[in-house]
């Protein structure tokens with residue numbers, strides 16, 4: 001089975017990370033999988049087994065997802081977007097996949113609708129036509145207008161065979177964040193959470209006893225980092241702050257100058273972050289999908305400060321749904337102060353570590369099984 005996964009991450013790197021994890025699961029089962037990536041390269045993500053086709057990269061202008069920037073930091077013009085569209089369609093024509101998976105679209109990435117529709121129409125013209133699936137996380141950004149939900153529903157009915165929802169349905173239903181009609185409900189397949197294999201403890205013990213502060217791989221989290229620095233100065237624990245984004249070196253230098261304290265470690269995001277969580281005292285982070293999975297898998301006590309700029313509610317909804325678990329607290333960004341952060345940290349440290357065995361973390365393997373079954377049924 002040949003599988004092509006199309007993804008464009010615009011702010012952080014979570015969408016690409018999840019797409020790579022999904023592709024790796026197909027490869028492990030003996031299938032051919034390729035990721036078609038339209039976001040900026042993310043070298044900190046581990047990937048040794050999946051070919052990645054890179055389109056001319058795009059990033060959002062902060063949380064303004066309607067303004068798309070090239071890797072040179074200028075707004076993408078029609079010629080740039082046309083080149084992406086042609087390259088994406090060519091990748092479909094060249095691979096002739098048995099399965100095409102679009103990550104987030106049509107529920108999101110509306111600014112790239114023309115590109116995704118070109119991709120879908122190219123797939124439709126192939127013989128045999130590929131199975132077409134949408135791949136979505138547990139929580140979506142709710143549509144600001146009813147027309148956006150209607151448009152997504154119409155595209156699902158025209159182009160798609162099913163929707164893979166990467167959530168544990170016992171914890172979160174898609175209807176929490178998206179208006180799901182009965183015809184869309186019939187297309188939903190809950191896979192469980194998509195996450196890499198649970199990390200092993202760090203072989204060198206890096207992170208042991210520390211408070212790990214992170215905000216994913218994008219250029220976000222400045223207020224969180226600055227509050228963490230002030231909190232660290234009043235804490236007996238050792239703090240480590242991990243900074244992402246294309247401008248991370250500049251941000252790290254500024255934060256180090258602000259801290260003026262060599263005991264507070266401030267460095268770039270690192271690929272062994274997940275291993276570090278095993279022996280960390282606690283995690284302080286936003287609540288993106290992949291970070292939430294890392295917290296659940298390792299059982300580390302966690303304070304979530306959900307990203308909510310630009311009216312974003314996805315992370316807040318996710319954090320609230322997870323906060324029913326012990327040793328997880330939610331601190332809204334509006335309430336973020338060093339004092340409040342230390343108070344929430346004290347609570348999760350008192351609760352201790354959780355068991356990680358009660359969550360459905362086999363979403364990648366289950367996605368492969370579901371995809372195989374759909375392909376077999378449609379081609380029988």
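The values are calculated or read from the model by the stated rules, or taken from the named source; none is laboratory data. Since we're looking at a predicted model, the values are computed, not measured. Reconstructed Cβ throughout: ideal geometry from the backbone, glycine too, with neighbour counts over all protein chains shown.
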By my count, strands (runs of 3 or more DSSP E) wholly in the stretch 17-119 with at least 1 residues that are touching a residue at least 24 places away in the same chain (Cβ under 8 Å) and within 30 Å of residue 185 (Cβ to Cβ) are 32-39, 64-69, 99-103
Picking from 152, 195, 228, 215, the residue that is closer than 30 Å to residue 248 by Cα and more than 17 Å from the chain's Cα centre (by Cα) would be 228
Picked from the stretch 304-329 (must be free of Cβ contacts under 8 Å to residues at least 40 places away in the same chain and in contact with a helix residue (DSSP H, G or I) (Cβ under 7 Å, 6 or more places away or on another chain)), the residue farthest from residue 215 (Cα to Cα) is 326
Q. Taking the condition touching a helix residue (DSSP H, G or I) at 6+ places or on another chain (Cβ under 9 Å), modelled with pLDDT under 95 and surrounded by fewer than 22 Cβ atoms within 10 Å (Cβ to Cβ), does residue 110 pass?
A. yes
Taking the stretch 154-184 and keeping only residues that are in contact with a helix residue (DSSP H, G or I) (Cβ under 8 Å, 6 or more places away or on another chain), part of a loop (DSSP other than H, G, I, E, B) and closer than 21 Å to residue 23 by Cα, one is left with 161, 167
The strands (runs of 3 or more DSSP E) lying wholly within the stretch 242-349 that contain at least 3 residues that are on the phi > 0 side of the Ramachandran plot and in contact with a strand residue (DSSP E or B) (Cβ under 6 Å, 6 or more places away or on another chain) are none
**OP:** Tell me, please, whether a residue that is under 25 Å from the mean Cα position of the chain (by Cα) and over 30 Å from residue 247 (Cα atoms) can be found in the stretch 62-78.
**Re:** no
Could you tell me whether residue 133 is closer than 24 Å to residue 375 by Cα, at pLDDT 95 or above and in contact with a strand residue (DSSP E or B) (Cβ under 7 Å, 6 or more places away or on another chain)?
yes
**Test: residue in the stretch 272-289 that is assigned by TED's automatic domain parsing to the domain that holds residue 323, out of contact with any helix residue (DSSP H, G or I) (no Cβ under 9 Å at 6 or more places or on another chain) and without any contact (Cβ under 8 Å) to a residue 24 or more places away in the chain** = no
Can you find even one residue in the stretch 185-204 that is assigned to a helix (DSSP H, G or I), farther than 25 Å from residue 58 by Cα, modelled with pLDDT of 95 or more and not assigned by TED's automatic domain parsing to the domain that holds residue 296? yes
Those residues of the stretch 331-369 that are in contact with a helix residue (DSSP H, G or I) (Cβ under 6 Å, 6 or more places away or on another chain) and without any contact (Cβ under 8 Å) to a residue 40 or more places away in the chain come to a total of 1
